[in-house]
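Notes follow the structure.
The values are calculated or read from the model by the stated rules, or taken from the named source; none is laboratory data. Predicted model only: the values in this text are computed from it and were never measured. A quick note on method: Cβ atoms are made from the backbone with ideal geometry, for glycine too, and the neighbour counts reach across all protein chains shown.
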Amino acid sequence: MNNLQPPGWLAPRGYANGIMTEMTVGSRLLFVGGQIGWNGQQQFETDDFAEQAGQALKNIVAVLKEGGAGPEHITRMTWYVCDKSEYVNALRDVGRHYREVIGRHFPAMTAVEVAGLVEDRARVEIEVTAVVPAPVV
């Protein structure tokens, strides 16, 4: 995968402006539906924004693993947040959780403020697309 960075643009912080990947025979696209900050038993353990974001990221990694992928295969990530100010104020802690769960891999990202999420206690929902390379034989 290659990051796309137009000449003369300031480098983005914590995301890529674009990602390009070459699809080879046997490679697969993996789509992870929106994950929220509850555990595998669909129970919230906190209402803290950063903690919910961290749990959502852990949920994403679990789904990726089921598909034979890891965080390094993520090409696109979309964050849906209920409160932009809450998101911005939690960025330092969100970044810490991100690095712990995803590492230093920064895909193309979008963040959108929404009026609400289906689960009332959810503060953030994150969906991703990943490109999984063909298995080495």
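Worth pointing out:
- Segment 29-47 residues that are on the phi < 0 side of the Ramachandran plot, paired with ones that are among the β-branched types (V, I, T) and assigned to a loop (DSSP other than H, G, I, E, B) (beta carbon under 8 Å, 6 or more apart): G37/T46
- So V88, is it more than 30 Å from S27 (Cα to Cα), aliphatic (A, V, I, L, M) and either buried (at least 20 other Cβ atoms within 10 Å of the Cβ) or within 14 Å of the chain's Cα centre (by Cα) (or both): no
- Any hit, segment 119-134, residues being modelled with pLDDT under 95, small (G, A, S) and surrounded by fewer than 19 Cβ atoms within 10 Å (Cβ to Cβ): yes
- The lone criterion from (1) free of Cβ contacts under 8 Å to residues at least 60 places away in the same chain; (2) basic (K, R); (3) under 23 Å from N3 (Cα atoms) left unmet by K84 is number (3).
- Answer residue from segment 120-136, given it is assigned to a loop (DSSP other than H, G, I, E, B) and touching a residue at least 24 places away in the same chain (Cβ under 8 Å) and is farthest from M20 (Cα to Cα) among those: R121
- From the list G95, G67, G103, G26, the lone residue that is among the small types (G, A, S) and either in contact with a strand residue (DSSP E or B) (Cβ under 9 Å, 6 or more places away or on another chain) or surrounded by 18 or more Cβ atoms within 10 Å (Cβ to Cβ) (or both) is G67.
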